[in-house]
Every structure is written in structure tokens, then in C-alpha cells.
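Novice: Sharing a structure below in C-alpha cells format, with a few things to ask.
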Amino acid sequence: MTQGKVKGIIANLVTVAVDGPVSQNEIAYISVGANATKLMAEVIKVTGENVYVQVFESTRGLKVGDNVEFTGHMLEVTLGPGLLSRNYDGLQNDLDKLTGVFLQRGEYNFPLDKEKLWKFEPIAKVGDKVEAAAWLGEVDENHQPHKIMVPFVMEGTYTVKSIVAAGEYKIEDTIAVITDEEGNDHNITMVQKWPVKKAILAYKSKPRPFKLLETGVRTIDTANPICEGGTGFIPGPFGTGKTVLQHAISKQAEADIVIIAACGERANEVVETFTEFPELDDPHTGRKLMERTIIIANTSNMPVASREASVYTSMTIAEYYRSMGLRVLLMADSTSRWAQALREMSNRMEELPGQDAFPMDLSAIIGAFYARAGYVYLNNGKIGSVTFLGTVSPAGGNLKEPVTEGTKKVARCFYALEQARADHKRYPAVNPIDSYSKYIEYPEFAEYISGLIDDKWIGQVNEMKTYLQRGKEIQEQINILGDDGVPVDYHEEFWKSEVIDFVILQQDAFDKIDAVCPLERQRYMLDLVMGICHSDYNFDNFLDVIDYFKRIINLCKQMNYSEFHSEDFENYQKKLNELLAEKQIKA
Amino acid sequence: MAKAFQKIFTEITAITKATCSLKAEGVGNDELATVNGKLAQVVKIMGDEVTLQVFQGTEGIPTNAEVVFLGKAPSLKVSDQLAGRFFNAYGDPIDGGPAVEGEEVEIGGPSVNPVRRKQPSELIATGIAGIDLNNTLVSGQKIPFFADPDQPYNQVMANVALRAQVDKIILGGMGLTNDDYLYFKNVFANAGVLDRIVSFVNTTENPAVERLLIPDMALAAAEYFAVQKHQKVLVLLTDMTLYADALAIVSNRMDQIPSKDSMPGSLYSDLAKIYEKAVQFPEEAGGGSITIIAVTTLSGGDITHAIPDNTGYITEGQLYLRRDSDIGKVIVDPFRSLSRLKQLVSGKKTREDHPQVMNAAVRLYADAANAKTKLENGFDLTDYDNRCLDFAKEYSNRILAIDVNINTTEMLDIAWELFATYFKPEEVNIKQALVDKYWKK
């Protein structure tokens, strides 16, 4: 392997003189200090004989002349059964296996359990023709069918020569032998490695996403739905509830696997996930949420370079589970911190900067990353998906900044968190007018949703948005002209939009019942609210309008807080019907 | 004095306002050196050229200055002798006392493994109702005051420090005016609590770049008491804006490309490294904690500036002070202030009605603000509007003002008393069970 010597150091950018070939993004280890602690680093630039590496740890004490060993491979993750429920850092070190209270640099570990026995069931038979990502067998990992596949790196077609019988095996046991076209045998175990910066492309095709990914959050599912295999992003100034919204989605979404990439955010937020997820139930299966979750924690005080790696590590693990025919949801909080990590590096390499000192190719990097999500038909005809939702933390809350703009070009759903809504405690503070979902315009989605709900649904949702838009315009007029300055009808129309806002858009993430709103219930409430909006009413003056609609909102909210179709729920419905009958003009 | 293993170099090749460069070998990154007796730190090595950041500035440094490398990163000697002492940015005593003896630890050390943290859950009472009632602080939290330079944030912080039930208070003063430094010193001395206070102070009379060491010094001391002595430690950092300004000066001298507001591109990570030292350790690790209360001064109240903006993304909430012209006092602004961790303690470690009372009072205060706008725009006020305005004035005076000093139960009782004085139960929108129990008849 190629060796090198340290030539220069600026923070975590190290220049190395090498004695042989190196490749871009190759991993190297630098020995530092009296104990020759090995620090992991990645090649990010080569000019002449100077190789620039970014070190994933603190470079304190590093000296010119220190030894560097290159490994011949890029940054890789280890894939195999036992990833679920684990807490990893950005380089896939198992945080629970690290010994000290403090993270010691140069302490790396193997991310899986080599001793654990897994119950293996063969799927492939001797004589089967297989290729990369073909399913050879299956183990039960926290009730998920974890497929043992032909490693993704293997090219060409192979024949299964032998496969072990059902039974208990460790991850490094050979479970199958496959023969290539030249007649060479290859032993296959349950573990494989894959370089994180390369997308796993072992699938047949990637159609446009069309299947609703239910999140139980009304402002998403009803107003701006995201699809399985879709992409979305949530920008918002601090204090607008990004994290609460992300947590709600990761708890409730109808996914088989949830991967949370805590990328450069607060440690206490990750601790909240560590503390709560093992206790909380998955609303779809009743098992503990932690069983389907993997956390990649690279909090803001952990090394910046591995923050960049953490999003790729997360995405690669997501693609791995997608290849098993599972629905994976990947959440990254926050992609701005990742972009800032890129900026710090580009700055140290003295690259000519783009806007706000970010690297010029920022939007290309963001685009390439979002492109790895998707709904795919696997080679065996089965379906898998990686849905990706990223948060963006725009500097100064200004959405005209490079990360938001770069993301907006590629993400298909946009959930605009708004300071003003947050200030008024209208949570989730997603602005219904600025936000969008491109999927709602897809004919594939329309077809799917009319099968799932009915063919009036999309029309109704669009109508709801028109009411909101109109409500906003009227509110502005009322603010200028005063309550008396506009006709009573205007107040009526404005308050209809308020009903939509309070009953459909707002949702109490901390209330046990309201926090999760299944699709059936969302349909019921939308029908109910649109019914209220479609009616005409008799009012003498605007005070009556305000008072009346406040009572309607109160009853509808009580319904949101009650178990669906429970006695309480039906009672409130009855009271609401009586109230509506008071003022409604019969058509 | 140079020791045997220390190498001395005398050929400086470049000098800027904050850095100097020389040819030297065998030097480690982040290592300390002295340049003609002035402390400096290695910030860049390129082949045999080493760039040093000189903390006191490079005024008067000649090209033949004597450079001695010390073979270590900045460090602090930690022991119980730190208590009650005042130090400069290098950890040297400035109170005339003897040097501290103890284990020498590198400052700016590694981060806590997130899985070794515990979710914060202990209330820190300050007696200031605008904080305890509306924005309860929790041990292990990090929260700044966003304040204009003319606001009395240092006084509020000193009050918080003195009232908080903690074992140690560590003051990190960056660019403190001499007057403020003496203020802190007197307040702590008069309160008779000097023995639980450790101060690291850089005043405006000291060089600006020196203050880069202050937070790491203060937090190294805090980690000693929290990790080794299992104590509850409160760290006060004032003023973090001046710290960030010093970062900008250094990065500018090193020809780095500035990002937003002339701040270095690494500002977020630099600030996060400091604030994330706030931690609650689990019982197995001794149960100590580090809580950070900081000050970020704003320019004209602008929170979109890179310093408060990045801070807001890192810290767990922020506190705003505001002068309330109706009562002529400084209050803790209930609208913009936020403690993100308050729900971990309010109603759990405090009385059950706490969350609802807090929200109801703020909602009514917001109604009062709307009424005020109506009044200013010349619209007529309803009876409800007028009652809201009266409520707001008394609420401001008895709850929000920073001179309030009562316990949480008293705060809640006052709030119920105000509700009963000005409103009917249905106007307050609190769960019926609580109204039945606490409404003042």
C-alpha cells in the first residue's frame, strides 16, 4: 500500500507527500503522538505530489513527517444484520461500544456483533443464476425480513454452488458459495462493504414516486403529501419547530425502517431520541420504535469532516435496506450543517468561493445526494424505497441562500416553516401557501390516491388551498380597512379559512391522540371542514361571525382530541351539527 | 525559561497584526510557543514554515524574536484550589494569589459521547419569574441572553448565578469592561459566595485575541468540577459576540475567505464546540452537570446577524430583555424568549398547573398587545381589550420584571390571582379541573 509523510497542517486539512498511487476519496490513517494513535482521513484533492486529506478528528499535536498509510479503498460502511436499533457516529462506529465518557480520537470499532447467532432461512437454491443484490437468504432482524444478498460489488452473473440449510449462523460464517462465469468460487457471508459516496444501483428501474407515504401529519398527508421514495425538505429559522416536526414524522411514518441522521445538531436532541424511542410504540406494528430505527449521530461538537461523511453513511444504509424490498425513511437534520462542513473544507483548500463562501458545486452535490432517494423495482420484481426528508437551517431565516436554493431545485416537497406562524403558536408552523408537493400534480399519484381514498380528493385539497389563499388576502384587507371597513361576507370567508387552519393544518404533536391522524380520519375531517366551508350562513354583523366560527373551531378541535368515532367524538359531532343548523342557510 | 528539550528559533519570516511565521521543525499542530515572551499558538504548518497566532498581538515583535515551542497545547492546572480565584485568559492568577497546583489538562478537549449523556431534567430556579415561570431553565442546558449592549444583562446574569442552587459558578468574561469586571467581583464578594466561584477574565484592556482562550479555560475548569467532583456547575459566558469578533479577526489575518457578515465559515462549529460542553451526566457517571448561560449582544436588535443566528441554532432557546415603557422596568420578553427544555420540568418538577397557567398568561398578554395596536391605530376598544391592558400592566410588574424574586409556587398563585381579578374562567381557557382547583374566588 502507498505510504506518505505529513507535509503541512491547517486545522483538519493535512498535506501529505506520498510514495505511490492514491485515489480520490481514498481512506488513509495518520499516526500521531507518542502512542502513534491512528487518525482516519480521506483524500479530497491531489496536486502534483501533494495529496490533501481531510482528517475526521482533531489534528492536535500532529507534526510534519508523521507517517500516513493509505488503505486502497474509499470510506466504506459495513452492511449486515444487526444494524437496527444501533447508535452510530458518522463513520459508523458503534457509540455504545466506546468506553469513555468522552470521545477519544482514533478509537474505532466494528459496527456489528460478530458473535450473535442469526436464524437463517435460504431463499436461493443450488443452481440458481444470481447477480449483485440477489437474495440468497433471509434472517429475522427485529421482525424485519433482513435479506442476505450477493454483495453489491460483485459484477456479472454467478451460479449458486451451495447454500447452507436453515439454521443459526454468525455474520461471518459462509452461508453460500457462488461460482462466477470463469468457474471461480466465491464464499458469501452475511456482511458486505460498500463505499458510501457511491450510490447502490442494483435495481431494475426507478419510476416516478406515486404511492402516498402516510405520516399522520395532516398538513403533510392532506395538504402536501410526500410519496414513498420521494424527497422533501423542511427549511425554517430556529425556534419554528423543525425538530418537533421531524420527530413526529420519524415516529409515525408508515415505513419499515427509519434512519435518523443527526447531522451537526444539538446533542440533547439526539439524547431525546435515545431516551424516548426505546419506550415509544410504533403506531403501525405496536412494537418499540427503536426496533426499526438506526441513529447516525454526528452532533455539532463532533468532528466536522465526519459530519459530511454521516449523511452518506446514512444514505448507504438506507439503500441497503431498500435492496431488501423494504420501505426506508431517511431523515437528515440538518443538511445545512453538512453544507457548512463542505464550506469549511473548501475554504481551507483555498478554492474560489461561490455565494456566501460555499463551494461552487454545492448545488450539484446536494442534487446528487437527493437523487439517491427513490422508489425502485428490484431485479427480482419486488419494490423498495428510500424516502428522504432533509431539514435546512437557513442563515438568518432567509430562504434566498445557497443551501435552500440548491435544495429547492431537487427536492419535490417543500415544507416552509414560518416564524410568524410559530410566534402565533400555530403548529406545525408550515406555511400552507408557500409550501408545495409536486407529487400532487403527478397523474400516477392522482390515480393511486383515487384508488386509496376517492377521485374527489385532489379536487377537494386544491379547493382547500384556494380558501386559504383567499382567507389570507381578506385578512390583509381587514388589517388595512378595519373590521368595520369590509362587508360581513368577507369576515365569513376569512373565518372559513381559519377553520381549515385550526382544524386541518394545526395539530398538537404533544397530544396522544391528535399527534397521529390516520388517513381515514384525515379524509373524514377534510370532508367535514369542506362541508362547513361550502355552506352559506346568516349573520347580522362581524362580531357574530367571529363568535360563531370560534365555537365551530372549538368543537372541531375537541373532535381532533377525541378517539376517532368514540362516544365523545360523536357527541361533539352532534353538537357541531346543531350549531351548524343554527345559522346555515339551507340550499 | 527554556528547558532542555525546547527548541529555540530566531528567524521570523512574516509578521501580520495577529500572526507571525517562521522556519521551524518538529512542531505539533495546536502547540503553544512564546514569541519574545508573548504566548502564541501554532495555527498552520506548511513544510518547515510554521504560522503562530500571537494572543497579545504582534506589536513590537522583531524579525529576530526568540521563539520557544512549549511542546503542549493550551492547558490549565485543575484542582479544588481553583475555587474563589480570578484568572486571566492564560489561566494565570490576577488576584495576587499563588499559582494553582493540580493536574494539568489540555483545554478544548474532546466531546462527550452522546450516548453517555442523560436527558436534562433538573430545574434551575432563579427567582426571576420571567425566567422560572415562562422559560424555565434546566441543568445541562445552554441558553444565551440576546441583548442590546445597553441592557442590564450582566446584572441579571449575576443575580441568576447567585440564586441558582449550584455547586460552582464559573465566570468567563470576554471583553468585559473594567467596570463590569469589578461589578462581578464586588457582587460575588458581597454575597459571600466567592468560594464557589471561579473567574477567567479578559477585559477590554487586554488584547482581543486573548479572549479566544476564555471559553475553553472556563469549560476545562467546569469539566473538572462536573466530571471529577460530580458537581452541578453553572458557566457564565459574557459576551460571546466579542468572542466571535476575535475569531473573525484571526481568520481575516490568515487570509480566510469570510462568509456571512465577515464571520469565518467555521463560526457554527466554533460556537457549537463551546456550547455543546453543556451536559447532564447520568448517575453512573456521578450525576454532575454543566449549564451554560451566555450573553450575545446584538447590534440594533438584529437577530439575523451571523453571530446570534448561528447561536440560536446551537443553544436551547434564548432569553430577551426589553424595557417595558408601561411600567418603566426591564422585563424578560415573554414572546421572543424561549427555553426549549422547559417542558422537561414544568408541571413535572413544578406544580401541575404550571404549563397551562404559563400559556394562558402569555396568550392574554398577547391579546393585550393586540389591544394596544388597536388603540394606537385609532380603533375602539372593547371591555375585554381594556381588561387585557390592565392585566398586562400588573402581569408585567409582578411577574415579568427582572427585579422579581419569588419561588415558582408564588408565581403561579400570583397568576391565578390576576386571572380572577380581570377575567372570567371561560376567557382564560384553562382545563376545567385546574380551574376548579386553583381559581381564586
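Derivation of every value follows stated rules applied to the coordinates shown; laboratory data play no part. Everything quoted here is computed from the prediction, not taken from an experiment. Neighbour counts are summed over all protein chains in view; Cβ atoms, including those assigned to glycine, are modelled from backbone coordinates with ideal geometry.
Novice: If packing is taken as the average number of other Cβ atoms within 10 Å across a peptide's residues, how do B:97-106, B:216-225, A:510-519, A:239-248 rank, most packed first?
Specialist: In decreasing order of mean packing, B:97-106, B:216-225, A:510-519, A:239-248 become B:216-225, A:239-248, A:510-519, B:97-106.
Novice: When A:Glu279, B:Glu352, A:Glu308 are ordered from fewest to most other Cβ atoms inside 10 Å of their Cβ, what list results?
Specialist: The order, fewest Cβ neighbours first, is A:Glu279, B:Glu352, A:Glu308.
Novice: Choose one answer from B:Leu267, B:Leu242, B:Leu133: the residue with the largest mean-square fluctuation in a GNM of chain B with alpha-carbon springs under 10 Å.
Specialist: Its mean-square fluctuation being the largest, the pick is B:Leu267.
Novice: I've got another one for you. Which far-off residues, 5 or more places away or on another chain, put their amide H under 5 Å from the one on B:Val201, with H placed in the peptide plane?
Specialist: B:Phe87, B:Asn88, B:Ala89, B:Gly173
Novice: Let a ≥ b ≥ c be the square roots of the eigenvalues of the Cα gyration tensor of the protein assembly as shown; is it rounded (a/c under 1.5), or, if not, prolate (a/b larger than b/c) or oblate?
Specialist: In terms of gyration-tensor shape, oblate.
Novice: Over chain B, with a Gaussian network built from C-alpha contacts below 10 Å, which listed residue (B:Gly84, B:Gly173, B:Gly286) shows the highest mean-square fluctuation?
Specialist: B:Gly286
Novice: Can I ask one more? For region A:410-417, just list the computed ³J(HN,Hα) in residue order, Karplus coefficients 6.51, -1.76 and 1.60, θ = phi - 60°, integers in Hz, with x standing in for Gly and Pro.
Specialist: So the J values, rounded to whole Hz, are 10, 7, 8, 10, 9, 10, 7, 7.
Novice: Hey, another quick one. List the residues whose amide H sits under 5 Å from the amide H of A:Cys227, counting only those 5 or more places along or on another chain, with H placed 1.01 Å from N in the peptide plane.
Specialist: A:Leu213
Novice: Filter A:Lys119/A:Lys193; A:Lys382/A:Lys409; A:Lys512/B:Lys440; B:Lys44/B:Lys260 down to the pairs with a C-alpha to C-alpha distance above 26 Å, please.
Specialist: Among A:Lys119/A:Lys193; A:Lys382/A:Lys409; A:Lys512/B:Lys440; B:Lys44/B:Lys260, the Cα-Cα distance tops 26 Å for A:Lys382/A:Lys409; A:Lys512/B:Lys440.
Novice: Let me ask another. Quick check: from the Cα gyration tensor, does region B:8-69 come out rounded (a/c under 1.5), prolate or oblate?
Specialist: rounded
Novice: Using amide H atoms built 1.01 Å from N in the peptide plane, name the residues 5+ places from A:Gly72, or on other chains, whose amide H lies under 5 Å from its own.
Specialist: Counting only residues 5 or more places away or on other chains, the set is A:Ile27.
Novice: Something else about it: Each residue of region A:572-583 in order: what ³J(HN,Hα) in whole Hz does its phi give by Karplus 6.51 cos²θ - 1.76 cosθ + 1.60, θ = phi - 60°, with x for Gly and Pro?
Specialist: In residue order, the calculated couplings are 5, 4, 5, 4, 5, 4, 5, 4, 5, 4, 4, 10 Hz.
Novice: Neighbour counts of other C-beta atoms within 10 Å: give me A:Leu342, B:Leu52 arranged from fewest to most.
Specialist: Fewest-to-most ranking of A:Leu342, B:Leu52: A:Leu342, B:Leu52.
Novice: Listing A:Thr71, A:Thr59 from the residue with the fewest other Cβ atoms within 10 Å to the one with the most, what is the order?
Specialist: Taking fewest neighbouring Cβ atoms as first place, the list is A:Thr71, A:Thr59.
Novice: Could you pull the Cα extents of chain A along its three principal axes, largest to smallest, in whole Å?
Specialist: 88, 56, 42
Novice: Here's another thing I want to ask about it. Each residue of region A:328-343 in order: what ³J(HN,Hα) in whole Hz does its phi give by Karplus 6.51 cos²θ - 1.76 cosθ + 1.60, θ = phi - 60°, with x for Gly and Pro?
Specialist: Along region A:328-343, the couplings run 10, 10, 10, 10, 10, 10, 10, 5, 5, 5, 5, 4, 5, 5, 4, 5 Hz.
Novice: Moving on. Considering every residue in A:263-276, what mean count of other chain Cβ atoms within 10 Å of its Cβ is obtained?
Specialist: Per-residue shielding by partner chains comes out at 6.
Novice: What value does region B:77-197 have for Rg/Rh, both radii from Cα atoms and Rh as Kirkwood defines it?
Specialist: 0.97
Novice: Same structure again: Between B:Asn407, B:Asn113, B:Asn386, which gets the highest mean-square fluctuation from a Gaussian network model of chain B, Cα cutoff 10 Å?
Specialist: Residue with maximal mean-square fluctuation among B:Asn407, B:Asn113, B:Asn386: B:Asn113.
Novice: How high is the relative contact order of chain B, given as a whole-number percent (alpha carbon pairs under 8 Å, six or more residues apart)?
Specialist: Result for chain B is 16 percent.
Novice: On to the next question. Let's see if you can work this out: charge +1 on each Lys and Arg Cβ, -1 on each Asp and Glu Cβ, no other charges. What is the dipole magnitude of region B:354-438 about its Cα centre, in debye to the nearest 20?
Specialist: I would put it at about 180 debye.
Novice: Do any GluC sites (Glu not before Pro) in region A:106-185 lie in a loop, going by DSSP, with at most 10 other beta-carbon atoms within 10 Å of their beta carbon, and if so which?
Specialist: A:Glu115, A:Glu155, A:Glu181, A:Glu182
Novice: Further question: For chain B, what is one quarter of the convex hull surface built on the Cα atoms, given in nm²?
Specialist: 24.3 nm²
Novice: What 222 nm value per residue comes from the helices of the protein assembly as shown, counting each DSSP H run with n ≥ 4 as -39,500 (n - 2.57) and dividing by all residues, nearest 500 deg cm²/dmol?
Specialist: Helix contribution divided over all residues of the protein assembly as shown: -9500 deg cm²/dmol.
Novice: List, in the order given, every pair from A:Lys125/A:Lys206; B:Lys38/B:Lys72; A:Lys38/A:Lys97 whose Cα-Cα distance in the structure shown is over 24 Å.
Specialist: The pairs that break the limit, which is 24 Å between Cα atoms, are A:Lys125/A:Lys206.
Novice: By its C-alpha gyration tensor, with a ≥ b ≥ c as the square roots of the eigenvalues, how is region A:1-156 shaped: rounded for a/c under 1.5, else prolate for a/b larger than b/c, else oblate?
Specialist: Note, shape of region A:1-156 comes out oblate.
Novice: Oh, and also: Any of A:Lys5/A:Lys198; A:Lys45/B:Lys277; A:Lys288/A:Lys496; A:Lys425/B:Lys424; A:Lys45/A:Lys242 with alpha carbons more than 30 Å apart? Name them for me.
Specialist: A:Lys45/B:Lys277; A:Lys288/A:Lys496; A:Lys45/A:Lys242
Novice: How many percent of all Cα-Cα pairs in region A:457-585 sit more than 21 Å apart?
Specialist: Counting pairs separated by more than 21 Å, the tail of P(r) holds 41 percent.
Novice: Identify all aspartates and glutamates with a Cα-Cα distance to B:Lys142 below 16 Å; exclude those on the same chain that are fewer than 8 residues away in sequence.
Specialist: A:Glu265, A:Glu269, A:Glu272, B:Glu122, B:Asp132, B:Asp216, B:Glu223, B:Asp239, B:Asp270, B:Glu276, B:Asp309, B:Glu316
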